[in-house]
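Here's the structure we're looking at; comments come further down.
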Amino acid sequence: MAGSGRRPEHRGPPELFYDEAEARKYTQNSRVVEIQSQMSERAVELLGLPEDRPCLLLDVGCGSGLSGDYISEEGHYWIGMDISPAMLDVAVEREVEGDLLLADVGHGIPFRPGMFDGCISISAVQWLCNADKKSHSPPKRLYKFFSTLYTALARGSRAVLQLYPENSEQLELITAQAMRAGFTGGMVVDYPNSAKAKKFFLCLFVGTSGTLPKGLGTECASEELHQAKFTNERTRFRNVKGKSVKKSRDWILEKKERRRRQGKEVRADTKYTGRKRRPRF
């Protein structure tokens, strides 16, 4: 495909780049879904949320709700913001459990002060570094985003923003505007020695300065070993906490029960719920 090697944010504004076809292709790509799930899990882990109660989280650039799926699985509530109508349409079709808002975060976060217990964002913040219109000033849009996000978060909470910086200058621009808005914290880099597995998480603190978490895979090892270790540790941790395996009967029943509590229409449970069908030949 022509221009396939270019960064998505260089190929047009997000609301145009993620049209209906691109939104569906993105959501149906199993590799994308897997990576989104892993990054969402890591972002929520870095939030350091209390384990004794559900929290209300903001998902910035929620897209079709892939990151929100993990938040729901962890028993938390969420509100997602995205600028792409097509992405949100797919999220509605997928019947995600969070509330959705069509909005440009460069115009600010339109929620009351102290409303959220935390915020995550997966692969979205770097889009604010582009001037897609003559009226766009990346530093001003970033500051508007961070200053209103700071206000919307409860004191003592965190925001964890995973991003793909284009270069060190872009990274410095994003971090500088966050600190100017009142945040403390810094960048957590997972697998810094791996070209493919390397991930940047901007971990921001509201009101109080916390200890910046350490990045994963900081010791020298192969990329494959890092990735396998990360995945296996997550699986064991989930089993220790008593979480149901995804797509299992218990997992399906728990999800249906959450939706009933939200007042949504759900099919009745039967002995066939979660049944694994035999393969056809």
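Can you give the log10 of the normalised intensity I(q)/I(0) at q = 0.20, 0.25, 0.28 Å⁻¹, computed with Debye over equal Cα scatterers of the stretch 100-143? These q points yield log10 I(q)/I(0) values of -0.77, -1.07, -1.19. Shape of the stretch 139-192 from the C-alpha gyration tensor: oblate (a/c of 1.5 or more and a/b not above b/c, with a ≥ b ≥ c the square roots of its eigenvalues).
P(r) for the stretch 8-230, from all Cα pairs and a bin width of 10 Å, is 8, 34, 39, 17, 1 %, short bins first. Here the contact order of the stretch 8-230, divided by its residue count and restricted to Cα pairs under 8 Å and six or more residues apart, works out to 17 percent.
Take every DSSP beta bridge with both residues inside the stretch 72-225 and express the antiparallel ones as a percent of the total, to the nearest 5. Percent antiparallel among DSSP bridges in the stretch 72-225 is about 55. Give me, ordered by chain and number, the residues 5 or more places off W78 or on other chains with an amide H under 5 Å from its own placed amide H. Close amide H contacts, sequence-distant or interchain: L57, D99. What residues qualify as long-range amide H neighbours of S157, i.e. H under 5 Å apart, gap of 5 or more or another chain, H built at 1.01 Å from N? So S157 has HN proximity to V206.
Taking 0.36 nm per residue of separation and subtracting the Cα-Cα distance, full extension of the segment from K140 to N167 would add 7.8 nm.
Just so you know, all these numbers are worked out from the coordinates, no wet-lab data involved. All figures in this text were calculated on a predicted structure; none of them were measured in a lab.
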